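In what follows, a structure is listed as structure tokens, so that the remarks can point back to it.
The values are calculated or read from the model by the stated rules, or taken from the named source; none is laboratory data. Treat the numbers as computed from the prediction; the structure is a model and nothing was measured. Note: ideal-geometry Cβ built from the backbone for every residue, glycine included; neighbour counts use all protein chains shown.
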Amino acid sequence: MNRIQEWIQNVVKSVYDPSFYRELIKGKTPGSFTYFLGLMLVFSVVLSFRAYVSLGTWWVEGNGISNVRESILSSYPDELVLEYRDGHVTSNVDEPYFIPMSESLRDFVDSEKKSSANLLVIDTSHPIVPEDIVRYDTVAILGNTALWVNDPESGIQVNTFATLNKDPFTLDKGVVTGFVDGAFRILKPITIVGLVLLPVLSILWFSISYVLYLLFGALLVLIVGKVRNIDLSYKQSYRLGFHLITVPVCYGLLTTMFPVLEIPLVFSILLVVAAYINLEPVKAVPEAVEDVVVSEPSISKEA
């Protein structure tokens, strides 16, 4: 308990305590990296707890993995059979064949953007042109020789089948079910292990990220030291960074939880501000003037 209290006191001092930083510069306050690891531990525990709560809520509302499986399988029509031969795709349904966007998939679309009415349109009997994406109001079009995908970031992408796969195959509901079940058998244990190790993986990720960032951050601290007339080495600046990064890390935690708060360069600006207010120049103490004792000249007595 004493160590926890001491660590909490160091958090307060790391936010603002010029005398604390003067001792750090002198090397009289050990354990800077240990303090930093404690900060990363708290950071990771908070984010992991939030992830567990979100996952638990999703599990209760969505009935877990089984509901995800059913949502994926329901997107593939029972009657649809696709045949691939020599770079060409054919189907057993009347075309154009529309696969609507399911409600579960709409939840992943930004509410401010209009989602497409259809997830996929199959039209293997007519040549496809880019305007068909808009005409069919779809995310993708499966043509005879290519898959056309409307990517919001990079625009319409055309994936030609001949360059992707040369082996013939048949795709139906049974094949899709087997593929999905196989994928879930592999992903389930990986997901469980990942959830158990989430705090450990988080602390490793964030620790390495911030340690690498301080390679640059230490230069900012060094520059602030020069501005404040404090003679620092790069090693000292890096060590001070383990404490000066406290407020920026808290800001990083907030932006991770609430991305809307993220503003470019604010992390580094907070580091510079923390360095400036904590690295106060030492005021010169005037030397004490020694008292000068003036001895009176001795008067010789005449005999």
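The table for this structure:
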item	result
Complete set of residues in segment 229-249 that are touching a helix residue (DSSP H, G or I) at 6+ places or on another chain (Cβ under 9 Å) and surrounded by fewer than 16 Cβ atoms within 10 Å (Cβ to Cβ)	Asp231, Ser233, Tyr234, Lys235
Number of the exception - Leu73 against (1) surrounded by fewer than 18 Cβ atoms within 10 Å (Cβ to Cβ); (2) of a type in the set (A, V, I, L, M); (3) at pLDDT 90 or above	(3)
Test for Ser237: is it touching a Gly at 6+ places or on another chain (Cβ under 7 Å), in a helix (DSSP H, G or I) and not aliphatic (A, V, I, L, M)	yes
Index of the failed condition, Phe179 passing every other in (1) under 30 Å from the mean Cα position of the chain (by Cα); (2) at pLDDT below 90; (3) among the aromatic types (Phe, Trp, Tyr)	(1)
Cβ-Cβ under 8 Å pairs, at least 6 apart or on other chains, segment 170-189 side free of Cβ contacts under 8 Å to residues at least 40 places away in the same chain, far side of a type in the set (Val, Ile, Thr) and in a helix (DSSP H, G or I)	none
Output for segment 151-167, where each listed residue is of a type outside the set (Asp, Glu) and at pLDDT below 80	Pro152, Ser154, Ala162, Thr163, Leu164, Asn165, Lys166
Sole residue being of a type in the set (Phe, Trp, Tyr) and at pLDDT 85 or above, chosen from Phe98, Phe108	Phe98
Meets criteria (touching a helix residue (DSSP H, G or I) at 6+ places or on another chain (Cβ under 7 Å), farther than 23 Å from Leu37 by Cβ and at pLDDT 90 or above) for Gly217	no
Tabulated pairs, segment 259-280, first touching a residue at least 12 places away in the same chain (Cβ under 8 Å), second among the polar types (S, T, N, Q), C-beta under 8 angstrom, 6+ apart or interchain	Ala274/Thr246
Segments classed as helices (runs of 4 or more DSSP H), wholly inside segment 123-228, with at least 2 members that are outside the structural domain of Phe43 (by TED's automatic domain parsing) and more than 30 Å from His243 (Cβ to Cβ)	131-136, 161-164, 173-196
Matching residues in segment 255-285 - criterion: being more than 22 Å from Val227 (Cβ to Cβ) and at pLDDT 55 or above	Thr255, Thr256, Met257, Phe258, Pro259, Val260, Leu261, Glu262, Ile263, Pro264
Out of Thr170, Thr138, sole residue that is at pLDDT 85 or above and exposed (fewer than 14 other Cβ atoms within 10 Å of the Cβ)	Thr170
